[in-house]
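K.L.:
Right, I'll just put the structure down here and ask away after.
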Amino acid sequence: MHPRRPDGFDGLGYRGGARDEQGFGGAFPARSFSSAADLSHWVTTPPDIPGSRNLHWGEKSPPYGVPGPSTPLEGPAEEPFPGGGGGGGGGGVPGQSTEQLNRFAGFGIGLASLFTENVLAHPCIVLRRQCQVNYHARHYHLTPFTVINVMYSFNKTQGPRALWKGMGSTFIVQGVTLGAEGIISEFTPLPREISHKWNPKQIGEHLLLKSLTYMVAMPFYSASLIETVQSEIIRDNTGILECVKEGIGRVIGLGVPHSKRLLPLLSLIFPTVLHGVLHYIISSVIQKFVLLILKRKTYSSRLAESTSPVQSMLDAYFPELIANFAASLCSDVILYPLETVLHRLHIQGTRTIIDNTDLGYEVLPINTQYEGMRDCINTIRQEEGVLGFYKGFGAVIIQYTLHAAVLQITRIIYSTLLQNSV
């Protein structure tokens, strides 16, 4: 005997007389759904994975169980009967396993990309920054061969920690940046994202939001820079929140005493914001450009009917990762001289002791006396030459070579899994 419901009840796809229909030989009442979209309010969509967003062209991840734009709707969605004894539900198992494999692969690909960008590349970032602020250096380390030699010397004399120092503070800076951007956009009319129907006013307000975000994160970025370049020989065992403590102390004028050569934060706002905004603009433009090229290439191959099912699945994940890789690489290379100037201004007057990048052992003090951004540029050009702006550039080559290798290995593994499942 079925419980009575009001005639207007509209729960979980109930439609009028659908309850009068009997399923499974009359043993159970059948559920009817007008369309697969009726389930959208009852199915939780997992968040997009950072580094592999927009898994389908032009769309975010669709809700689980709802086919994408390229999959035709063949009929209403059916719930699998618990126990699997009906005999008719066995045909959907391969599709479900492929869908689960796709989601698992998307998570793994995004995780591999994040791991490479933030963990595996950290030794390259440490040595790159040490070379940038070392105005004493006679060897500029423009090629990866000399960089590998110095890395080996640091690891031999100081241990593995010499190449992984300050990694926690870099995550703190990223968290502060994301948090500041979210809070500012929440309490101001500044847009956090630019819509497709953009206008110059919207772009200006969005860049203003980015500028304010970089200003808020600037003291913590300065503290993180000190942790990554400070020599492990004289380094104290600081906690992971030391970056937050030093950043706040830099703002209110407390904490570790600095020398008179320390530049005030007001004089660091312009180079910091300039570098951050230019990096964001260049990376965004290149990312959109590369995505457009890859999208056209994929569309042309589909028209020619020369794309295999495995390749189609790969095209759902890798284009954005490749675009992010190209955007980050180009922006880092283009802005490398400005980054060198920025790091020297941030480190000046902080009584920081760095490693000798010429010998691979011993330490050196930072005793620069730049009066500002213009004076720093002129001094580097006169005393160290144009190549002085590119000290440690070999570390960038190693960093992105590792990143490209990880992406390629991940692509091979994913292709193998797909071929075995198709």
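Coordinate-derived values only; no laboratory data. Not measured: the values here are computed from a predicted model. Heads up, the Cβs are rebuilt from the backbone with ideal geometry, glycines too, and the neighbour counts pull from every protein chain shown.
K.L.:
Would you mind calculating the gained length between ILE148 and GLU205 on full extension (0.36 nm times residue separation, minus the Cα-Cα distance), in nm to one decimal?
P.N.:
16.2 nm
K.L.:
Cross-link list LYS156/LYS260; LYS201/LYS245; LYS297/LYS391; LYS156/LYS391: which exceed 32 angstrom alpha carbon to alpha carbon?
P.N.:
On the way: LYS156/LYS260 36 Å; LYS201/LYS245 37 Å; LYS297/LYS391 38 Å; LYS156/LYS391 23 Å.
Too far apart for the 32 Å limit: LYS156/LYS260; LYS201/LYS245; LYS297/LYS391.
K.L.:
Dipole magnitude of region 104-420 about its Cα centre, charges +1 at Lys/Arg Cβ and -1 at Asp/Glu Cβ only, in debye to the nearest 20? Each step should come with its number before you reach the end.
P.N.:
Details: 26 positive and 22 negative charges, 70 e Å.
Charge dipole of region 104-420: 340 debye, to the nearest 20.
K.L.:
Further question: Could you compute Rg(Cα) / (2.2 N^0.38 Å) for region 124-170, with N its residue count? Spell out each step's value before the answer.
P.N.:
Working: Rg = 10.9 Å, N = 47, 2.2 N^0.38 = 9.5 Å.
Against the empirical 2.2 N^0.38 Å value, I get 1.15 for region 124-170.
K.L.:
Then there is this: How long are the semi-axes of the ellipsoid equivalent to region 104-420, from square roots of 5 times the Cα gyration tensor eigenvalues, in whole Å, largest first?
P.N.:
Equivalent-ellipsoid dimensions as semi-axes: 36, 25, 19 Å.
K.L.:
If you don't mind, another one. Based on the Kirkwood radius over alpha-carbon pairs, what value in µm²/s does the Stokes-Einstein equation return for the translational diffusion coefficient of region 357-422 at 25 °C and 0.890 mPa s?
P.N.:
Numbers: Rh = 16.2 Å.
Reported coefficient: 151 µm²/s.
K.L.:
Towards the positive end of the charge dipole of region 104-420, with charges on Cβ (+1 Lys, Arg; -1 Asp, Glu), say which of ASN367, PRO191, VAL273 has the farthest Cα.
P.N.:
PRO191
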